[in-house]
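Please read the structure below before turning to the comments.
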Amino acid sequence: MDQKKILFVVNYLPGGGLEQVLYDTVEALKSSADIHVLSIYQTNSHYLDKISCYCQVSFLDGYRHQLRGKLIKSFYSRLFDTTWFQKILFKQYLKKTHFDIVISFAEGWSIELVANSELKGTKKFVWIHTDFTKNESFQNNLAHYQRLLQMFDKTIFVSSNLHKAFSNYLSLRTPVIIHNGIDIDRIKRLSEEANNTNIPGDRLNFVSVGRLSHEKGFDRLISSFSQLHMTQREKCHLTIIGEGQERAKLQKLINENDLNETITLQGQLKNPFPVIKACDVMLAASRYEGFGLAVLEAMALGIPIIATNTTGFSEILQSGQYGVILENADNAFDDVLKLVIDNPQYAMSYSDRASKRAEDFNIRTFQEQVRKTLVYEQYN
């Protein structure tokens, strides 16, 4: 019996939570399906190298890098950024190989391409990782998203709360919930490697991890740290791990609020776990979050979590049982930072509960659910 051919369509692979889940998914399927990954935009990251070990990776905009001349490249880039041109290229790509299942693995371009493609004899799945019902674009275009998501044969959510959030607005076909999983042994092993970053040993160390984008709320953290009295600033430090389009904006906020001695933008780290382990508390200030893989990974190391009330964080932390849940507001961290700096035990008391909760999201359970849903197509 031939293996199923499965195509995952992503927007790009810069490195982050979604890319880790894609790698875990591909790894789970490597011996039971013929896996292909199509990235709409071409980027380089260590995740790309890892994923390429198990499957074929292609780029929809691969032709762009063969062009010569700034004018031609500029024209092609503008053309490629249009949805209609991406649809043409995607149609040509699909003519080369028949797939049994094509999966949109990210919101935005990926959903548009897969939903609108004509795939005879192919099933279309959408895997939703983030709560984009909170986006203004979603709210203003409900009918459009209803039409798009109805074109899929199955909708996969990374949390029960995320499913509920979408169900408030849309009627979805065959919803399935597959919680993201973590390899706890791997995380602990990697956390023992050398930590080459400058984590001050004489301060209470906070850490926050994620793509430097608006929805992750790092500007909220900078604002709250700016509210601290100078004597409190001298007692703490925040390390932000990640890269993204808002780096310059965030660094400007740090500079304007004289926080260079208090907050460090560490950038993307191939192995962030030694840094996370060296810190005392993780802060997660997302405006919306479908799951929260970085939070779960920190919990596996016994790091207490203080997070905003998003669909993902609330489910992982069980509405405050396994970590501190704050109102999802721009000033949510103002008071709790002062409290934790003056009384660190307030957060530390969650350490044991956090590590125990992380065990509920074992990578093996995730792998079994992925194979059940994609290879054997057993519906929940």
- Note on the structure: Residue set Ser32, Ser45, Ser74; condition under 18 Å from Lys4 (Cβ atoms) and surrounded by fewer than 19 Cβ atoms within 10 Å (Cβ to Cβ); output residue Ser32
- Message: Could you check the range 357-366 and list, in sequence order, the residues that are touching a residue at least 24 places away in the same chain (Cβ under 8 Å) and surrounded by fewer than 17 Cβ atoms within 10 Å (Cβ to Cβ)?
- Response: Glu359, Asn362, Arg364, Thr365
- If you go through Leu38, Leu29, the only one that is more than 25 Å from Leu212 (Cα to Cα), touching a Leu at 6+ places or on another chain (Cβ under 7 Å) and in contact (Cβ under 8 Å) with a residue 12 or more places away in the chain is Leu29
- Hits in the range 15-59 - residues which are under 16 Å from Val370 (Cα atoms) and small (Gly, Ala, Ser): Ala28, Ser31, Ser32, Ala33
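Can you name the residue in the range 323-350 that is acidic (Asp, Glu) and within 25 Å of the chain's Cα centre (by Cα) and, of all such residues, is surrounded by the most Cβ atoms within 10 Å (Cβ to Cβ)?
Result: Asp330.
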- Query: For the range 134-177, what are the residues that are modelled with pLDDT of 90 or more, of a type outside the set (A, V, I, L, M) and in contact with a Lys or Arg (Cβ under 7 Å, 6 or more places away or on another chain)?
  - Reply: Gln150, Phe152, Asp153, Lys154, Thr155
- Tabulated pairs, the range 167-196, first in contact (Cβ under 8 Å) with a residue 40 or more places away in the chain, second assigned to a loop (DSSP other than H, G, I, E, B) and charged (D, E, K, R), C-beta under 9 angstrom, 6+ apart or interchain: Thr174/Asp153
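A quick yes/no check of all residues on (1) on the phi < 0 side of the Ramachandran plot; (2) touching a Ser or Thr at 6+ places or on another chain (Cβ under 6 Å); (3) part of a loop (DSSP other than H, G, I, E, B); (4) aliphatic (A, V, I, L, M):
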site	(1), (2), (3), (4)
Asn44	yes, no, yes, no
Val57	yes, no, no, yes
Arg68	yes, no, yes, no
Ser74	yes, no, no, no
Ser77	yes, no, no, no
Phe85	yes, no, no, no
- Item | Set Gly320, Gly312: member being assigned by TED's automatic domain parsing to the domain that holds Ala278 and crowded, with 17+ Cβ neighbours inside 10 Å | Gly312
- Task: Please go through the range 262-293 and pick out each residue that is over 23 Å from Thr310 (Cα atoms) and touching a His at 6+ places or on another chain (Cβ under 8 Å).
- Result: Thr262, Ile263, Thr264, Lys270
- Filtering helices (runs of 4 or more DSSP H) wholly in the range 330-380 for at least 3 residues that are within 18 Å of Leu228 (Cα to Cα) gives 333-342
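The values are calculated or read from the model by the stated rules, or taken from the named source; none is laboratory data. From a predicted model like this one, the values you see are computed outputs, not experimental measurements. Counting neighbours? That spans all protein chains shown, and the Cβs are built from the backbone with ideal geometry, glycine included.
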